[in-house]
Amino acid sequence: MGFDWSYTLGLLANKDFWHATLTVIELSVAAWILGIVFGLFLALGQRSKIWAVSKACGVYIWFFRSLPLLVLLVFIYNVPQMWQASSVILSSPFISGLIALTLSEAAYIAEIHRGGLSAVPNGQVEAGKALGIKYLGIQRLIVIPQAIRVALPALGNEYITIVKLTSLVSVISLAEILLVGQRLYTQNFLVMETLLGVAFYYVLIVTVFDWLIKSFERKIDVSRRKPGLLENNESIPAESVAVAMRKHLDVEHKGAFALQAKNIHKAYGDHEVLKGIDLDVGWGEVVSIIGPSGSGKTTFIRTLNGLESLDQGEVNLLGEPFLKDHTLTPDSAEYKQRIVHIGMVFQSFNLFPHKTVLENVMLAPLYHGLGDKLASKLTALAMLDKVGMKAHANKYPHQLSGGQQQRVAIARALAMEPSVVLFDEPTSALDPELVNEVLKVMEQLAQEGLTMVIVTHEMSFAFKVSNKVVFMENGHVVVSGTPQALLSMNHERLDAFMHRHDD
Ligand code: ADP
Ligand code: MG
């Protein structure tokens, strides 16, 4: 018996098949989207610090990944036998199929999201925290958009899996492609010819959607974008620059000190890294912290804005309690209210790679509602202008040099109009020839009266711009004072350290 080609070709115009194709598309797209959303919650839940939440999500993923979809499908379709009321929705094979597919796929997709989420560097979360953005905001604005980009190829692949899994729903008599085919060949016995038609429809769906998903992937891939130029009409009125600058320098000088740390202790396990550090930072003062590697400078500056927890001691900001051992932590209302007054610039910049320079700078002011979109944009452009980066406002971070990225990071901190800005070795990750462009910006900010705490290895810079230099070693402040006082002191340890740096 030959192969009935004309019958097979005829199937391509079969209305039932096209109808079934639509059903499969609806079912697979709905299950995919619901699975992505539900799976994301599962993945976030699994990373939660709350033990019960993390455990519950883990158990869900384990269970539904182990259960064959077919078993789940038949089970859900038959739930109305035990529980009559559920027949209102579960008697529809489409809905039963959708529920089973979503429950099962969410478990698989959660694992895909887990990969995406853990690919986002911790520095991204820290940059968000330092800008005063809360957990949900950090996830929504910073982590999830990056994680999804990483996960998208695998998510696209999972869509194809779902399309093929929909054929299982035929067992609960959903009129999908396979069932339409089965009904035909049980009447005409043209099994091969019919299955070829069935294959055509599946391949068609997968091909079209694979193409759609890949184009979406390309569309959101910022590394493919051309560097954007600032349009002329985006020039900013001079007065808005002046207003923005005044706002961030005219902070009400509450309290005797802008920032005060008292008796800070911090240990990692048995390793005591900070052994009782005190620091007073007056208004408009520039304090530089110097010292050998491993002396605890980074740990100390991170305790000042709550990125590291305190074991003992307290931090006051603008004359008010901000952080205190275990009693006033980053979970407190006082902290959340005051964190916006303290900005931070990191060694590794930690710009948000999926946002343009302008969007990086506008993100926190918009999140905190400091102004409407236009006002935030004007402030952001003013700050970018200040650090010499306005012309690059529409570029993405990867399109900039390290020095340029760090200047944008400074503008991002300034846009929140902070009273104090912390810098942790802002030039250590830069090529030597790029160090000066960042130091120049910082020097200018110092001259304008911005209160700054700077951890640095740039000795001549520290002694030139600082009101006070603090020399730390081994978790202690060894000596501190004005640059003149320190230079004329003949302090043995300090001189030895400085000499090493001169070489
Ligand atoms: P510095 O910035 O002066 O070079 P750090 O504050 O980075 O010093 O580190 C001080 C000490 O604390 C080092 O010995 C370092 O190994 C240790 N340390 C820093 N962070 C951690 C951490 N998260 N867990 C354990 N030890 C840490
Ligand atoms: Mg350090």
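Values quoted throughout were computed directly from the atomic coordinates according to the rules given, and no laboratory measurement underlies them. Worth saying up front: this structure is predicted, and the values here are computed from it rather than measured. Glycine also receives a Cβ, built like all others from the backbone with ideal geometry; neighbour counts cover every protein chain displayed.
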| message | Taking just the alpha-carbon atoms of region 253-500, what radius of gyration and Dmax come out, in angstrom? | response | 17.9, 55
| remark: Projected convex hull area of region 362-503, Cα atoms, direction-averaged, in nm², equals 9.9
| query | To the nearest 0.05, how large is the calculated FRET efficiency for D325 and K275 if R₀ is 22 Å and r is the Cβ-Cβ distance? | reply | 0.90
| What is the P(r) of region 318-410, as percent of Cα-Cα pairs per 10 Å bin from 0? | 16, 40, 28, 15, 1
| query | What list of ³J(HN,Hα) values in whole Hz, one per residue of region 404-409 in order, does the Karplus curve 6.51 cos²θ - 1.76 cosθ + 1.60 (θ = phi - 60°) give from phi, with Gly and Pro shown as x? | reply | 5, 4, 5, 5, 5, 4
| note | In this structure, the FRET efficiency calculated for V206 and A375 from their beta-carbon separation, with R0 = 51 Å, to the nearest 0.05, is 0.60
| said: Quick check: residue separation of A154 and V59 times 0.36 nm, minus the Cα distance between them. What number comes out in nm? | reply: 32.0 nm
| field | CD proxy at 222 nm, helix term only [per DSSP H run n ≥ 4: -39500 (n - 2.57); per residue of the chain; nearest 500] | value | -17500 deg cm²/dmol
| note | For region 373-466, the dipole about the Cα centre with charges only on Cβ (Lys and Arg +1, Asp and Glu -1), to the nearest 20 debye, works out at 480
| field | Prolate/oblate/rounded call for the chain, Cα gyration tensor, a/c under 1.5 rounded | value | prolate
| query | Over its Cα atoms, what ratio of radius of gyration to 2.2 N^0.38 Å does region 344-384 give? | reply | 1.16
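Quote the FRET efficiency, to the nearest 0.05, computed for Q187 versus A391 with a Förster distance R0 of 56 Å and r equal to the Cβ-Cβ distance.
The computed FRET efficiency comes out at 0.20.
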| task | Hey, could you grab the Kirkwood Rh for region 5-220? Inverse mean 1/r over distinct alpha carbon pairs, Å, one decimal. | result | 19.2
| said: Could you give each residue of region 28-36 its phi-based ³J(HN,Hα) in whole Hz, using Karplus coefficients 6.51, -1.76, 1.60 with θ = phi - 60°, and x for Gly or Pro? | reply: 6, 5, 4, 5, 5, 5, 4, x, 5
| remark: Expected unfolding gain across A30-S332 under the 0.36 nm per residue rule, minus the alpha-carbon gap, is 104.7 nm
| field | Segment W18-S173, extension gain: residue separation times 0.36 nm, minus the distance between their alpha carbons | value | 54.1 nm
